[in-house]
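Novice: One structure coming up, written as structure tokens, with questions to follow.
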Amino acid sequence: MRFLLIEDNKQLASAVIDRLMLDGHVVDHAPDIQTAYDFTATTGYDLILLDIMLPDGDGRTFLERRRNQDSRTPVIVLTARSEVADRVGILDLGADDYMVKPIDFSELEARCRAVLRRRGGEARNLLILGDMSFDSLSGTLKTGEDIIQLRARELRLFETLANAPGKVFSKASLVNQLVSYDEDVSENAIEVYIGRLRKHLQNSSVTITTIRGLGYKLRIE
Amino acid sequence: MNAPVAHGSIRRRLLLSLLAGAAILAVVVYYVVQSVARQVAQESQDNVLAASALSILDSARYSGGEIKVDFPYSALSMLDSISDERVFYSIRLENAFLSGYDQLPEVDGVVADGPAFRSATFLGEDVRMAHVQRRISTDSGQRLLQVSVAQTLTGQKQTLTRISRTSMGIGAGFFLVSVLLAAIIARSTIRPLDRLTASVSRRGPKDLRPVAAPIPTEMVPLVASLNSFMRRLQRSLERSEDFIAEAAHRVRTPLAIVRTKAEIVQRKTDNAETQAALREMVHAIDDSSRTAGQLLDHAMVTFRLDHLSRDEVSLLRLVQDTIERLRPISEMKDIEMETIGSEDIIILGDPILLQNALHNLFDNAMKYTPSGARVSVTLSRQGDGGEIRITDTGLGFPEAELGRLTDRFARGANAESVVGSGLGLTIVKEVVEAHGGQMHIKNITGGGACVSLHFPSS
Amino acid sequence: MRQFALSIVLIFAAGWVAAFEIENRTRFGSSDNGQVLRIISTADIGFFEPMITAFLAKYPNTEIDYVVASSTEMMRAIQDEGHAFDLAISSAMDLQTKLANDGKAQRYISATTQSLPDWAIWNDMLFAFSQEPAAIVVSKKAFGDVPIPKDRHELINLLRQHPDRFRGRVGTYDVRQSGLGYLFATQDTRASETYWRLTEVFGALEARLYCCSSDMIEAVKTGELLIAYNVLGSYAVNREDRSDFEIILPSDFTTVMLRTAMIPHNAPSHELSSTFVDYLLQRSHELDAQPLTHPGLDLIQIETSLNRIRIGPGLLVFLDQLKKRAFLSEWESAILQN
């Protein structure tokens, strides 16, 4: 997905960018509102992360202008803690959600998904795996008329496997995938989630194969 | 907050001073009116006495070798015209008694012209006397004819009683009018103060604008220092809020950066040992970040508790909003959050604090509830107020620590591995109690904890 | 009903070393505790007996000692000799006033005295209980065809027109002897100059002078007099042969004398005298009260000409010896022309 990050703190911005890129997203960084206007004028984004306090003005003016332009790109506002009272105003100005800084990435990811799902985004995230289609945004697996809603960890796990079908992932690396938003995932838990995913996949042409001693891989028949 | 020590009342002091002044004036008025009226009454009596005496004197003539006095009937009857009076008179030619009452005392120090007056006692009663005299030609030369007329004081006493009553009435009336005026004056004098009090106490807790209403000159210094105080308070409050926000930012931003870096390195490395070390690092950072957040939350709550606002807050909406707000996180953790009860309950309170408290409470519940569990929030009317009960299917609190859970930094002993601190519950408890409510914590038989918040209706 | 009355007539009262002259003395009722009400009065017992009898009926166990004396003798008894009486009743208003003015009366205030009209009370000392008009009494027989005069003016004209008829046959008080005559005469002079004109006409007709009203009426009865001037109307009205007389209340003005009661300062039975005064005043001032002494004379008829003598220090004026001397000398020169 393509993100626009509007944030003036360079260190924070670079951390956010690194972290999002790690998950395979593309991130453009605008340190002020003017640059942000330039970016949005030329590029379409899936999501905009907007800091409220910016060197050349208030993020709210950006929000207002975007609302007047009737842009459909969802915006998540990053706000400082003391601005609780302003949050309602932020939502009224057209922001889809807000997060209190500093950002917890697992929370950010969860909120991004929620926002995108609410917007009923175009099916650009649809992944076709054999006779099954996987919508990573809504977290659904569709086989024929059969639609299965994945739960968060199942989704995260399946996404990792589905992004590289045939690649073997060790239990430890899968734990790493989940650790960012859950502190207490054991390798045993991975087995439980793999078991659940297999159950969801049993009517499709997709299977998760155990490679003894190495880990798991996704296989499309 | 301590109530100010009241020492005396301006209104009462003003009223008492005015009344004391009025009382003194009323007494003075009483005596002045009485003495003036007394004098007038005395003078009018003296005038009548003098007229009587003069009419006797005028009727005297010397004829045929003797003094003849053919005085008119009215000479004496005029003295009795208004009230019944005993009347005495004497007619003397120098020291020789001619007629009337020879025992009637003479008037001392008679002036040649004009009548002289004195008060005396005669035949057992107080009398007022007038004395007149004139020279009369006789065979033996000019001789002095003297006439005294005396009158009892019945009428004068009646008049004086009446005057006394009237002046008493005037004094009392004067006093009553003064009381009324004093009350009005005291009220109108105090009114600007009352107005100021009303305008200040009507303000919301956040309203620190200077007092702009017109005030009397005497109150300008007070209001000026009040305004200056409020200005300083406003500035200080702004600084406090800014400071808290700044502190949050300054503490948590570097932590977030470090955490992100650690996470990135952890993803990139294949070394299991490094991975484990980094994971611990991430945990520790999360712990610090969360603690810092809660400390700042707590600072914010403490700060706001000092000037709690009182708005109408819908508990139902508050619960729903907070749950909605947390939904992405609960979904992420595979925790099902459900709301039970749809009756709306309105309480008076600070919406921001309440939201913060609920957020902490729910956040706490999610943290200490394992993945896949359920957290239910029940809203119900309890008597006048409302109750929010949050029940989870987690580990529950250690029985031994139930009582001191809300001490600052206390944390359930079995929650070692879960990031967070007891500060969350402390915040919740302080907010609830600031709203006049109560928080109860207990464990549910068969696992799980239950925290209930009870709010009074107003 | 006429109460049992023990009546003793004495010329000199026993037990008194009395220098003043008593005309009559009567005792009524009896008392076992020695309660005696001593009244000194100028009025004949006949006038007062009904009142006393009624009082005794209401307050039995009371003895009343009723002494009759002339007004000058009463003055002497009280003023000069200090005899102790419980009540002094007199027709001599001037002397009563002098007694009261000189402190010989005590003040008495009760609900009854407070309800009296102003003219009937003075200084809470003198209380009037009877109004006595001075009348002109003429013999009906003697007048015959001559119209009876209605006022002094007509009387003067009548006398002037028939000097021979009336010469030596008109009578009036000898004001030198009679205190009441002096009072009437002095009050007449206050009311109108007519009095002096009338007196001069009397002098010209060689008027006869009398000491008392009863003598004058008797003289009219016997035919010795045709006209008696300034006679107490009540004396004429109460006579059985009243129809022989014409009692004229002059329409120009009728001098009215008040009989007054007072409680002397040294009254021994003050309570009893208070009770009697209240009773006397109630009886004589109640709505349908009959005048005590003259039931046949209606004063309401002559209201416009009623010249009621006012109690008060004015009455002292004509008691003044210089004034009295001046008046008497004028009177004498008017009436004693020959």
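A short reminder: the numbers here are calculations on the coordinates, not readings from a lab. Values in this document were obtained by computation on a predicted structure and should not be read as measured data. All Cβ positions, even for glycine, are placed from backbone atoms using ideal geometry, and neighbour counts span all protein chains on display.
Novice: On average over all directions, what projected area in square nanometres does the stretch B:13-161 have, based on the convex hull of its Cα atoms?
Specialist: 11.2
Novice: What angle, in degrees between 0 and 90 and rounded to the nearest 10, separates the Cα long axis of helix B:272-305 from the longest principal axis of the Cα atoms of chain B?
Specialist: The helix B:272-305 is inclined about 10 degrees to chain B.
Novice: Taking every DSSP beta bridge with both residues inside chain C, roughly what % is antiparallel (nearest 5)?
Specialist: Taking every DSSP beta bridge with both residues in chain C, the antiparallel ones total about 60 percent.
Novice: Roughly what angle does helix B:220-268 make with the longest principal axis of chain B, taking Cα atoms, 0 to 90 degrees, to the nearest 10?
Specialist: 0
Novice: Something else about it: Taking chain A as a Gaussian network, where each spring joins two C-alpha atoms under 10 Å apart, which residue of A:145, A:191, A:64 fluctuates the most?
Specialist: Sorting by GNM fluctuation, first place goes to A:145.
Novice: Please identify the trypsin sites (Lys or Arg not before Pro) of the stretch C:47-110 that satisfy two criteria: DSSP loop assignment and at most 15 other Cβ atoms within 10 Å. Which are they?
Specialist: Working: sites: C:58, C:76, C:98, C:104, C:107; in loops: C:104, C:107.
Those satisfying the criteria are C:107.
Novice: To continue, here is another question. Going by Cα centres, the stretch C:219-251 and the stretch B:1-80 are how many Å apart?
Specialist: Value for the Cα centre distance between the two parts: 55 Å.
Novice: Same structure, new question: Starting from the Kirkwood Rh over alpha-carbon pairs, what translational D in µm² s⁻¹ does the stretch A:2-119 have by Stokes-Einstein at 25 °C and 0.890 mPa s?
Specialist: 174
Novice: State, to one decimal in nm, how far the label point of residue B:25 lies from the label point of residue B:123, with both points 7 Å from Cα in the Cβ direction.
Specialist: 4.9
Novice: While we're here: Going through the stretch B:30-129, which GluC sites (Glu not before Pro) have at most 11 other Cβ atoms within 10 Å and a DSSP loop state?
Specialist: B:94
Novice: A further question follows. Quickly estimate the mean residue ellipticity at 222 nm for the protein assembly as shown, helices only: each DSSP H run with n ≥ 4 gives -39500 (n - 2.57), and the total goes over all residues, rounded to 500. Each step should come with its number before you reach the end.
Specialist: Values: 30 runs with 448 residues, N = 1017.
Calculated from helices alone, the mean residue ellipticity at 222 nm is -14500 deg cm²/dmol.
Novice: With all pairs of different alpha carbon atoms counted, what Kirkwood hydrodynamic radius in Å does chain A show?
Specialist: 19.0
Novice: Moving on. If you take every DSSP beta bridge whose two residues both sit in the stretch A:2-119, what share of them, in percent to the nearest 5, is antiparallel?
Specialist: 10
Novice: Go through the stretch B:264-347 and name the trypsin sites (Lys or Arg not before Pro) that are in a DSSP coil and have 14 or fewer other Cβ atoms within 10 Å of their Cβ.
Specialist: B:310
Novice: Mind sorting B:190, C:263, C:78 by how few other Cβ atoms lie within 10 Å of their own Cβ, fewest first?
Specialist: B:190, C:263, C:78
Novice: Largest first and in whole Å, give the semi-axes of chain C's equivalent ellipsoid, each being the square root of 5 times a Cα gyration tensor eigenvalue.
Specialist: Listed largest to smallest, the semi-axes of chain C are 35, 21, 19 Å.
Novice: Given contacts defined as C-alpha pairs under 8 Å and at least six residues apart, what's the relative contact order of chain A, whole-number percent?
Specialist: It comes to 12 percent, rounded to a whole number.
Novice: Among C:250, C:60, C:133, which one shows the biggest mean-square fluctuation in a GNM of chain C, springs joining Cα atoms closer than 10 Å?
Specialist: Among C:250, C:60, C:133, the largest mean-square fluctuation in the Gaussian network model of chain C belongs to C:60.
Novice: Further question on the same structure: Could you list A:207, A:43 in order of exposure, starting from the residue whose Cβ has the fewest other Cβ atoms within 10 Å?
Specialist: Taking fewest neighbouring Cβ atoms as first place, the list is A:43, A:207.
Novice: Still on this structure, please answer the following. Using alpha carbon centroids, what distance separates the stretch A:125-158 and the stretch C:37-86, in Å?
Specialist: So the two Cα centres are separated by 145 Å.
Novice: Dividing the Cα radius of gyration by the Kirkwood radius, what Rg/Rh value follows for the protein assembly as shown?
Specialist: Numbers: Rg = 64.6 Å, Rh = 41.7 Å.
For the protein assembly as shown, the value is 1.55.
Novice: Quick check: from the Cα gyration tensor, does the stretch B:203-337 come out rounded (a/c under 1.5), prolate or oblate? Don't skip to the answer; put the middle values down first.
Specialist: Values: a/c = 5.18, a/b = 2.16, b/c = 2.40.
Oblate, since a/c reaches 1.5 and b/c is not below a/b.
Novice: For chain B, find the longest principal axis of its Cα atoms and tell me its angle to the long axis of helix B:351-367, 0 to 90°, nearest 10.
Specialist: 30
Novice: How many nm is it between the label spots at residue B:338 and residue B:106, if each spot is 7 Å from the Cα in line with the beta carbon?
Specialist: Output for this residue pair reads 13.0 nm.
Novice: For chain B, report the convex hull volume of the alpha-carbon atoms normalised per residue, in Å³, without decimals. Working shown, then result.
Specialist: On the way: hull volume 116.7 nm³, N = 458.
Each residue corresponds to 255 Å³ of Cα convex hull volume.
Novice: Report, in cubic angstrom per residue, the convex hull volume of the C-alpha atoms of the stretch C:147-284. It would help to have the intermediate numbers written out before the result.
Specialist: Numbers: hull volume 20.0 nm³, N = 138.
Normalising the Cα hull of the stretch C:147-284 by residue number yields 145 Å³.
Novice: Let me check I have the definition right: for the stretch A:125-220, take the eigenvalues of the Cα gyration tensor, multiply each by 5, take square roots. What are those semi-axes in whole Å, largest first?
Specialist: Working through the eigenvalues yields semi-axes of 21, 15, 11 Å.
Novice: Just report the Cα centroid separation between the stretch B:327-390 and the stretch A:97-114, whole Å.
Specialist: One Cα centre to the other: 20 Å.
Novice: Still on this model: Taking neighbour Cβ counts within 10 Å as the exposure measure, how do C:108, B:73, C:66 sort from fewest upward?
Specialist: B:73, C:108, C:66
Novice: Nearest-5 percent of antiparallel DSSP beta bridges in the protein assembly as shown?
Specialist: 70
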